[in-house]
Every structure is written in C-alpha cells, then in structure tokens.
1. For the range 106-119, which positions are among the small types (Gly, Ala, Ser) and open to solvent by 20 Å² or more (accessible area, probe 1.4 Å)?
2. Of the conditions (1) among the aliphatic types (A, V, I, L, M); (2) open to solvent by 30 Å² or more (accessible area, probe 1.4 Å); (3) in a strand (DSSP E or B), residue 124 satisfies every one except a single condition; which number is it?
3. Any residue in the range 173-183 that is in contact with a strand residue (DSSP E or B) (Cβ under 8 Å, 6 or more places away or on another chain) and either acidic (Asp, Glu) or closer than 28 Å to residue 25 by Cβ (or both)?
4. Quick check: is even one residue across the range 31-38 more than 9 Å from the ligand (Cβ to nearest atom) and closer than 30 Å to residue 167 by Cβ?
5. Do we find a residue being away from the ligand (no atom under 11 Å from the Cβ), part of a helix (DSSP H, G or I) and on the phi < 0 side of the Ramachandran plot anywhere in the range 240-250?
6. Taking strands (runs of 3 or more DSSP E) that do not extend beyond the range 1-120, which have at least 1 residues that are in contact (Cβ under 8 Å) with a residue 60 or more places away in the chain and touching a strand residue (DSSP E or B) at 6+ places or on another chain (Cβ under 9 Å)?
7. Residue 230 - would you say it is away from the ligand (no atom under 16 Å from the Cβ), out of contact with any helix residue (DSSP H, G or I) (no Cβ under 9 Å at 6 or more places or on another chain), hydrophobic (A, V, I, L, M, F, W, C) and open to solvent by less than 50 Å² (accessible area, probe 1.4 Å)?
8. Among the residues of the range 197-222, count how many are more than 30 Å from residue 320 (Cα to Cα), within 16 Å of the ligand (Cβ to nearest atom) and not aliphatic (A, V, I, L, M).
Amino acid sequence: MRSVLVGTGSALPKNCVSNAELAERVDTSDEWIRERTGITQRYLADENETTGSLATIAAQAALDDAGITIADIDLIVLATATPDNTFPATATQVQHRLGGKGFPAFDVAAVCSGFLYALSTADAMIRSGMARRAIVIGAETFSRILDWEDRTTCVLFGDGAGAFVIEAQDVEEGGAGIIASRLHADGEHGEMLYVDGGPSTTGEVGKLRMKGREVFRHAVTNLSSVLREVLEEAGCQPEDIDWIVPHQANLRILDATARKLGLSMDQVVVTVDRHANTSAASVPLAYDVAKKDGRIKKGDLVMLEAMGGGFTWGASLLRA
Ligand code: UT7
C-alpha cells in the first residue's frame with residue numbers, strides 16, 4: 001500500500017512585484033537579483049491575504065483536481081513558518097474554512113523543508129493506517145517577516161501556497177505513489193538562517209536573518225547527499241528520474257544540485273524566476289505548475305527536495 005498523489009492545487013497573492021519595482025524602494029537592481037538568483041518577480045500578499053487564506057484556496061483547488069470534497073478527507077498537515085497566529089495551528093483554520101470537522105489537523109515547522117516534512121508525516125500516517133486521505137499543504141507569507149531595509153534577504157522571497165491530496169491505494173510493483181523519503185536536521189547551524197524573535201524570547205514576531213553564502217554552500221552539499229540516499233533506498237539511478245521538483249531558493253543551487261547528479265536542467269522544474277523563494281510553499285507550487293502545464297505526466301518518476309532553516313533538509317521520490 002502506498003500514498004498516491006491524486007490532486008494538486010496552488011494559490012498566489014494578486015500583487016506581482018517585479019525586480020524593477022522593488023529597486024524603487026530597496027538599494028538593489030534587476031540585474032543583481034537576476035544574475036545572483038534567477039528571480040525576476042515575486043507575489044506579495046496584501047493585508048487581506050494570509051497564510052491561511054492562501055492555503056485554503058490551494059487546498060480547495062487540490063480537492064477539485066482530485067474530484068473529491070472535504071468530506072472525503074481525514075487529515076490535514078500544513079507546513080509553514082509564517083502561521084496566521086502563534087496558535088491555533090493554521091491547519092485547523094483551513095479545515096474549518098473548507099467545511100471540515102473532527103479529523104486531525106496540525107502544522108509542521110521545518111521552514112523551507114516544511115513541505116517535505118509534512119508530506120513524509122502524512123505518508124507515514126497513511127501507511128500506518130491512521131489516515132486514508134490527506135491534504136498536505138505548504139503555505140507562507142514570508143513578506144511579513146522580511147526586513148525591508150536588508151537588501152541581502154528582502155529581494156529573495158515571495159508569498160504563496162501549494163497543496164497535495166494523497167490517498168491510500170493498493171498498488172502494483174512500479175505503480176504510483178510515494179516510494180521513499182528521507183529527512184534530516186542539524187541544529188548546529190541555526191544561526192545561519194533564523195528569525196530574530198518569537199513568543200518565548202522577544203515576544204515579537206521578529207525578522208528573517210540569513211548568512212546567504214554559507215547557506216548556499218550547505219544547501220548544495222546536503223541536497224546532493226539526501227538525493228543519493230533516497231535513490232539508493234528506492235533502488236533507482238539518477239537517470240531513472242524524469243523530473244526534479246526542488247525547493248526554489250536560487251537558480252544557481254538548482255543548477256549545481258542537478259549537475260552533481262548528472263542531470264540536465266531540462267529535467268528541473270524551475271519557478272524561482274516567477275515566484276521567488278516561497279519557503280514551504282515552493283515545492284507543491286512548482287509541482288502544480290509543472291503538472292498543469294503538462295510536463296509532469298502520469299507514470300513519471302519525480303524527485304522532490306528541499307533545504308532550509310534549522311538546518312533541515314529532505315527528499316521524497318514518487319511516481320506520479
Ligand atoms: O530557502 C532557504 C535556503 N536559502 C538559500 O538557499 C539561499 C542561499 N543563498 C543564496 O541564494 C545566495 O547566497 C544569495 C542570493 C543570498 C546571495 O548571493 P551571493 O552570490 O552569495 O552574494 P553575496 O552574499 O556574496 O554578496 C555579493 C555582493 C555583496 O557586495 P560586496 O561585499 O561584494 O561589495 C553584497 O553586499 O552583493 C551585494 N548584495 C547586493 N547587491 C545588490 C547583496 N544583496 C544585494 C542586493 N542588491 N539585493
């Protein structure tokens with residue numbers, strides 16, 4: 001029995017901000033952002049758009065894509081580092097807005113790797129028999145925790161949400177579903193990417209702080225090693241992979257990671273150019289884009305991967 005992906009959905013804020021527009025209020029340039037990151041624009045939430053509202057739209061779209069309703073769901077796991085409130089968990093509010101009740105709904109905090117953590121948790125609960133059909137969401141409004149005076153970070157991020165519906169299915173060998181996943185964490189590097197606030201310390205929400213160059217170095221090393229671990233566990237070779245759907249932090253990280261595996265950039269789903277880094281939302285958002293535009297087809301072998309604050313990192317291999 002495997003957790004099979006039966007629906008995807010995504011949501012973006014209405015407001016799209018180009019690099020040139022950003023350069024009017026931050027000491028930066030379109031050229032610098034493009035060359036160093038591959039980003040050309042990002043979507044930024046207005047005061048009426050929250051992590052919860054974007055997550056609800058993405059989740060409803062995933063239910064519609066699967067051809068089911070909230071009545072068919074018995075679990076919601078939502079990955080975010082920017083919840084609407086410190087508590088209750090944003091997942092419970094999404095459950096309510098979708099018209100659900102009673103079944104478990106909770107948030108997972110692993111920042112940019114959050115969706116991989118949420119997906120692995122939901123997959124484990126499905127395989128253990130605790131749930132039959134789950135909505136797994138990555139949703140963020142990072143614009144709320146950016147220091148708009150810090151050009152080294154504020155140009156890199158955007159807001160958005162993506163969602164998967166996964167369900168228990170008995171499948172044949174080589175059939176659809178999540179085949180293997182690996183998660184890692186190493187708290188030693190916490191100060192390289194963190195938010196300088198929180199309920200138990202300053203009492204304020206705080207702002208994102210990052211040592212970009214160090215994070216970049218760790219990202220390429222950690223991602224290529226976890227990708228190899230997952231391939232080994234699945235008994236697959238890099239050349240078996242049809243698509244990589246990576247966390248979208250920087251085009252140069254995507255390129256370096258693909259190169260280390262000997263894969264071509266043509267097999268990498270890239271959305272960092274239009275969405276920037278949407279943290280936990282980036283993997284399901286990118287997957288939804290590539291599925292809807294016809295790139296990811298049924299039967300394709302797809303690798304999801306992410307690395308973020310903590311550090312946390314992970315990867316999942318699935319057959320679409
Ligand atoms: O999602 C979680 C994981 N996050 C990541 O994976 C992010 C990983 N890191 C990165 O993507 C890259 O390190 C960055 C995009 C953050 C930075 O790129 P970089 O090539 O490592 O640049 P740098 O930090 O070494 O900065 C180079 C120069 C500096 O100037 P000097 O000291 O060489 O004169 C910066 O002050 O670029 C300057 N700079 C900027 N210039 C214009 C930094 N930010 C900007 C900016 N506009 N926005």
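The values are calculated or read from the model by the stated rules, or taken from the named source; none is laboratory data. All values derive from a computational prediction rather than experimental measurement. Please note: Cβ atoms are built from the backbone with ideal geometry, for glycine as well, and neighbour counts cover all protein chains shown. For the accessible areas, the whole protein counts, side chains as well, though only heavy atoms, and no ligand, DNA or RNA atoms are used. Shrake-Rupley method; radii C 1.70, N 1.55, O 1.52, S 1.80 Å.
1. Here is the first cut: in the range 106-119, the ones among the small types (Gly, Ala, Ser) are 109-110, 113-114, 118.
Matches in the range 106-119: 109 only.
2. The single condition residue 124 does not satisfy is (3).
3. no
4. Looking through the range 31-38, none of the residues is more than 9 Å from the ligand (Cβ to nearest atom) and closer than 30 Å to residue 167 by Cβ.
5. So far as the range 240-250 goes, yes, one or more of its residues are away from the ligand (no atom under 11 Å from the Cβ), part of a helix (DSSP H, G or I) and on the phi < 0 side of the Ramachandran plot.
6. The qualifying strands (runs of 3 or more DSSP E) are 2-11, 41-44, 75-79.
7. In short, yes.
8. So the answer is 7.
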